[in-house]
Amino acid sequence: VTAAGKASHRVEDDCRSAFEMAPLVNSAARAKVGPLKAAARSPAARRAGSSARRAPHVARGSAQPDQGPFEGYTFRPIREREVSREMSSRYFKDLYKYADSDVVIVGSGSAGLACAYELSKHPDVKVALIEQSVSPGGGAWLGGQLFSAMVVRKPADKFLAELGIPFEDEGGDYVVLRHAAMYTSTIMSKVLTAPNVKLFNATCVEDLVVKESKVAGVVTNWSTVSLYGHETQSCMDPNVLESKVVVSACGHDGPFGATGVKRLVELGLVTEVPGMAALDMNAAEDQVVANTREVYPGMIVTGMEVAEVDGAPRMGPTFGAMFISGQKAAYLALKKLGKSDQEINNTLTSVQDKEGQIFSGLGGVNQAIFQSQEE
């Protein structure tokens, strides 16, 4: 105890000495830098200091490598407020514009993107594409089990050819993309450059607008609010987008999967959502396309959400039905908007026969793939 006490007193003495010496050290330091500060106050010194701060950083003690064409490369100046104003003003203009949309597509996976792509060919149709994730594309960035390649059964390869995506065709019943991201990145770039389509990503659809026995829009919120805000805040009210048609492309069951049809069940507008049956690739793809339809007035389901509402088999990592289901959803939406057969035929080129008529090449259950619901 005595030894520990002595050690403690030594530490206290050292600390006290350090504090007592600090003013002396600081005074000496100020005396040394005083003349430098005085010199820096001159206009010439201020200009030199400003130039030094703007100069590119060069690691000390190392030779500067050959910069080639990047020697002296600099960006034009910008004010931070300009960046904020450019982003926010455009976003709120889009919110104002698409608050009254012709079609709202919920989900930007492979089916939702195919639907948006077909609708983008009609410049007078205003399309809002809503995605809960920051990155659109759903599960179409990879094939099955995180593998790279994407398998597409024929004749959906015609859609890939229209998009200009190269694929491997060994002459069999399917084609293979070297990487699934080739589809997603290509179709996304075409959709996002269309002047009549706006992607609202990091945005969730929390509910539906239902008026006079018809789906008439969607209730939205930031994804972070939908995921976390409601549990921590007393009130986080949403926003609303009205539309003539809602296309639900929310995918199969998951955190935000099949939310469109699930909400219809909660409202008593659809009797049940049995969920997907066990995997059967051959049956699944035909059934998903055949059953892509308007499940309630104003709301069309597409992609794997169709399997959820009908109990169709899951299809696994084949993607052709996602493309064609999305195209069919666009076809049905255009019919709901009053487009003529001729107007639609002029754009749905990858699902036409040699005479230019819309057809199904999948056979069996899909001979009437693009027939209207009334027919």
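The values are calculated or read from the model by the stated rules, or taken from the named source; none is laboratory data. Note that this is a predicted model, so its numbers are computed, not measured. Here the Cβ is made from the backbone with ideal geometry for all residues, glycine too, and neighbour counts use every protein chain on show. The protein model used for the area step is the full one, side chains on, heavy atoms only, and it has no ligands, DNA or RNA in it. Shrake-Rupley method; radii C 1.70, N 1.55, O 1.52, S 1.80 Å.
The table that follows gives values for the structure above.
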| read-out | value |
| --- | --- |
| Residue under evaluation Gly139, criteria (1) over 15 Å from the mean Cα position of the chain (by Cα); (2) open to solvent by 50 Å² or more (accessible area, probe 1.4 Å), criterion not met | (1) |
| Qualifying strands (runs of 3 or more DSSP E) (wholly inside the stretch 181-291; at least 3 residues being touching a residue at least 40 places away in the same chain (Cβ under 8 Å), on the phi < 0 side of the Ramachandran plot and of a type outside the set (A, V, I, L, M)) | 197-201, 203-210, 239-248 |
| Conditions (1) assigned to a strand (DSSP E or B); (2) open to solvent by 10 Å² or more (accessible area, probe 1.4 Å); number of the one not met by Ile105 | (2) |
| Any hit, the stretch 229-247, residues being within 21 Å of Lys335 (Cα to Cα) and open to solvent by 20 Å² or more (accessible area, probe 1.4 Å) | yes |
| Identity of the residue in the stretch 146-194, among the aliphatic types (A, V, I, L, M) and open to solvent by 70 Å² or more (accessible area, probe 1.4 Å), that ends up modelled with the highest pLDDT | Leu192 |
| The stretch 263-286, subset among the charged types (D, E, K, R) and open to solvent by 70 Å² or more (accessible area, probe 1.4 Å), residue modelled with the highest pLDDT | Glu266 |
| Conditions (1) buried (at least 18 other Cβ atoms within 10 Å of the Cβ); (2) under 23 Å from Ala258 (Cα atoms); (3) in contact with a Lys or Arg (Cβ under 8 Å, 6 or more places away or on another chain): number failed by Ala116 | (3) |
| Residues that are more than 18 Å from Gly112 (Cβ to Cβ) and buried (at least 22 other Cβ atoms within 10 Å of the Cβ), drawn from the stretch 287-307 | Gln287, Ala290 |
